[in-house]
1. Would you check which residues across the stretch 86-117 are of a type in the set (S, T, N, Q), surrounded by fewer than 15 Cβ atoms within 10 Å (Cβ to Cβ) and within 13 Å of Cys25 (Cβ to Cβ) and list them?
2. Please work out if Val51 is in contact with a helix residue (DSSP H, G or I) (Cβ under 8 Å, 6 or more places away or on another chain), at negative phi, surrounded by 15 or more Cβ atoms within 10 Å (Cβ to Cβ) and in a strand (DSSP E or B).
3. If you check every pair at least six apart or on different chains, which have Cβ atoms under 6 Å apart with a residue in the stretch 84-95 that is over 16 Å from Gly117 (Cα atoms) first and a residue that is loosely packed, with under 14 Cβ neighbours inside 10 Å and among the hydrophobic types (A, V, I, L, M, F, W, C) second?
4. Kindly indicate whether Glu64 is modelled with pLDDT of 85 or more, more than 18 Å from Lys30 (Cα to Cα) and within 14 Å of the chain's Cα centre (by Cα).
5. Within the stretch 22-40, work out how many residues are within 15 Å of Ile106 (Cα to Cα) and either touching a Ser or Thr at 6+ places or on another chain (Cβ under 7 Å) or not in a loop (DSSP other than H, G, I, E, B) (or both).
Amino acid sequence: MKTIFKKLVFLISLLLLTAVVSMACEINFKVEGQEKTKYNIGEIVVLRVTVEFTHNACPVALKETKIQANGMEILGATEWKNVSGNIWERKIKVKITSNKEGKAIISARRSCEKDGGTGTLTLIAVSTKK
């Protein structure tokens with residue numbers, strides 16, 4: 001009897017955890033155009049960030065999405081555009097500056113009572129100086 005109860009509690013916990021995880025927004029970054037393995041410091045790159053509301057109507061506005069860069073400078077961005085159903089996109093123009101690890105990282109975070117969401121893109125940045 002105890003074994004069945006333990007299994008039932010485990011199954012319910014697993015189902016609740018899956019429901020909570022599935023409520024987070026999906027945030028993804030992609031390089032526009034031809035993606036490269038390395039980017040030169042000073043190079044201008046256009047990125048596309050996509051937010052998919054997996055919990056349908058979100059009470060937090062898209063403009064509240066916090067975008068931070070490390071090893072790159074954000075030069076500008078388009079307005080959010082609805083591309084399909086619960087999927088929104090915007091383009092971000094960045095200049096690669098690099099950090100001490102030779103990386104250029106951009107991340108986005110959304111916070112709300114439905115768990116929000118995060119997404120990150122890391123590019124390898126190299127110096128053209130010899």
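The values are calculated or read from the model by the stated rules, or taken from the named source; none is laboratory data. This is a predicted model, so every value here is computed, not measured. Glycine also receives a Cβ, built like all others from the backbone with ideal geometry; neighbour counts cover every protein chain displayed.
1. Ser111
2. yes
3. Lys93/Leu75; Lys95/Ile44; Lys95/Leu75
4. The answer is yes for Glu64.
5. Residues that pass the stated criteria total 6.
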